[in-house]
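K.L.:
Here it is: the structure, laid out below.
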Amino acid sequence: MIEQHLTLDDMPLFTKLRMTAFGEAVIEIANDPACDTWSFSQKIRHALEKEAQARGERRMLKLLKASRAPNPAACVEDVHSLDGRTLNRDVVARLAACRWVEQTTNLLILGSSSVGKSYLAQALVNAACRRDYTAAYYRLDDLANQLAVYQHQDPARLKFLEHLHSCDVLILDDFLTTPITSETGVCPVNGVWGPAVFMS
């Protein structure tokens, strides 16, 4: 029997099975002489790792999009400590590890205007999504406006609140710089929320 190597012509089948990254890795291995010395198990493990990595990246991008963060590309690696800031790399690294999420600990980020509070909060959103946590990012007045649209027992309002309750992390920007209504005041502190990040 003549051996037939896998080629790009075989990719549609992998794509149909939703294993695109796995297929790309298998075809690469089949056509790379450097991989000829690999055992069958090594080849399969390598392809599985590529597929798992690709799915993890897609999952993270989906979580970032769902978070509504204005700058989903913000990341803790780009947070710099400048003169006049009390934030340092060690603090950022600890926050990026997301232990505060696991421990249901709220964060309060204070600072004068334009020092990077919102960027830091969005970088923490990114860090949380990397660790497979869900997040919701709102400016307080936007949240108030969203809640004001609904009647108290409106099913859409209840669904919206259920969505917020289901998030692992709630981020509220412009907290205390925007008037707090009875709705927005109760939302993050009603005892059934996960950890919240407040910026003021």
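The values are calculated or read from the model by the stated rules, or taken from the named source; none is laboratory data. Computed from a prediction, not measured in an experiment: that's the story for all the values here. Cβ atoms come from the backbone with ideal geometry, glycine included; neighbour counts cover every protein chain shown.
K.L.:
Looking at (1) touching a Lys or Arg at 6+ places or on another chain (Cβ under 6 Å); (2) of a type outside the set (A, V, I, L, M); (3) modelled with pLDDT of 85 or more, find the lone condition where Tyr138 falls short.
P.N.:
Status for Tyr138: all satisfied but (1).
K.L.:
Which residues, taken from the range 49-65, are surrounded by 15 or more Cβ atoms within 10 Å (Cβ to Cβ) and of a type in the set (A, V, I, L, M, F, W, C)?
P.N.:
Correct list: Ala54, Met60, Leu63, Leu64.
K.L.:
Right, here's the next one. Within the range 1-59, how many residues turn out to be assigned to a loop (DSSP other than H, G, I, E, B) and either among the hydrophobic types (A, V, I, L, M, F, W, C) or touching a residue at least 24 places away in the same chain (Cβ under 8 Å) (or both)?
P.N.:
Qualifying residue count, the range 1-59: 9.
K.L.:
Any residue at all in the range 70-77 that's more than 17 Å from Ile109 (Cα to Cα), modelled with pLDDT of 90 or more and touching a Cys at 6+ places or on another chain (Cβ under 9 Å)?
P.N.:
no
K.L.:
Still on this structure, I have one more. Taking the range 60-69 only, how many residues are out of contact with any helix residue (DSSP H, G or I) (no Cβ under 7 Å at 6 or more places or on another chain) and touching a residue at least 24 places away in the same chain (Cβ under 8 Å)?
P.N.:
Qualifying residue count, the range 60-69: 2.
K.L.:
Are any residues in the range 78-99 modelled with pLDDT of 90 or more and among the charged types (D, E, K, R), and if so, which ones?
P.N.:
Arg94, Arg99
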